[in-house]
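Here is the structure we will look at, set down as structure tokens.
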Amino acid sequence: MAEILDRTTLKALSTDTRQNIIKLLAKRPHTASELSKILDKHVTTVTEHLDVLEKSDLIKKKETTNKWVYYTLSGKGEKLFKPNYYSWVVVFA
């Protein structure tokens, strides 16, 4: 089934930092501190970007038995950024 790129999703992907976070999470799960080191941004800034991506349902938190919280692509994020086939339809209404 096709995923809909609604206003919230498009807004979440409108910054380079969030696009880079999605690219990194498409490879493997990361913690906020790992992402902040890779992106050379403060961890609170990265956490704010992660919150926006999580609210748009592109990523999700993955709790572990230890204190670390990993972020990974959600089902919607997987469908958009790791598709089985490429077919994009953009409708503006």
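Could you please find all residues in segment 26-40 being under 17 Å from Leu13 (Cβ atoms) and at pLDDT 95 or above?
Leu35, Leu39
With the checklist (1) open to solvent by less than 90 Å² (accessible area, probe 1.4 Å); (2) at pLDDT below 95 in hand, flag the one item Asn84 doesn't pass.
Of the numbered conditions (1) open to solvent by less than 90 Å² (accessible area, probe 1.4 Å); (2) at pLDDT below 95, the odd one out for Asn84 is (1).
Any chance you could count how many residues in segment 29-74 are out of contact with any Leu (no Cβ under 9 Å at 6 or more places or on another chain), open to solvent by 90 Å² or more (accessible area, probe 1.4 Å) and free of Cβ contacts under 8 Å to residues at least 40 places away in the same chain?
Residues in segment 29-74 being out of contact with any Leu (no Cβ under 9 Å at 6 or more places or on another chain), open to solvent by 90 Å² or more (accessible area, probe 1.4 Å) and free of Cβ contacts under 8 Å to residues at least 40 places away in the same chain: 9 in total.
The values are calculated or read from the model by the stated rules, or taken from the named source; none is laboratory data. Worth saying up front: this structure is predicted, and the values here are computed from it rather than measured. Counting neighbours? That spans all protein chains shown, and the Cβs are built from the backbone with ideal geometry, glycine included. Accessible surface is based on the protein model in full, side chains and every heavy atom, while ligands, DNA and RNA are left aside. Shrake-Rupley method; radii C 1.70, N 1.55, O 1.52, S 1.80 Å.
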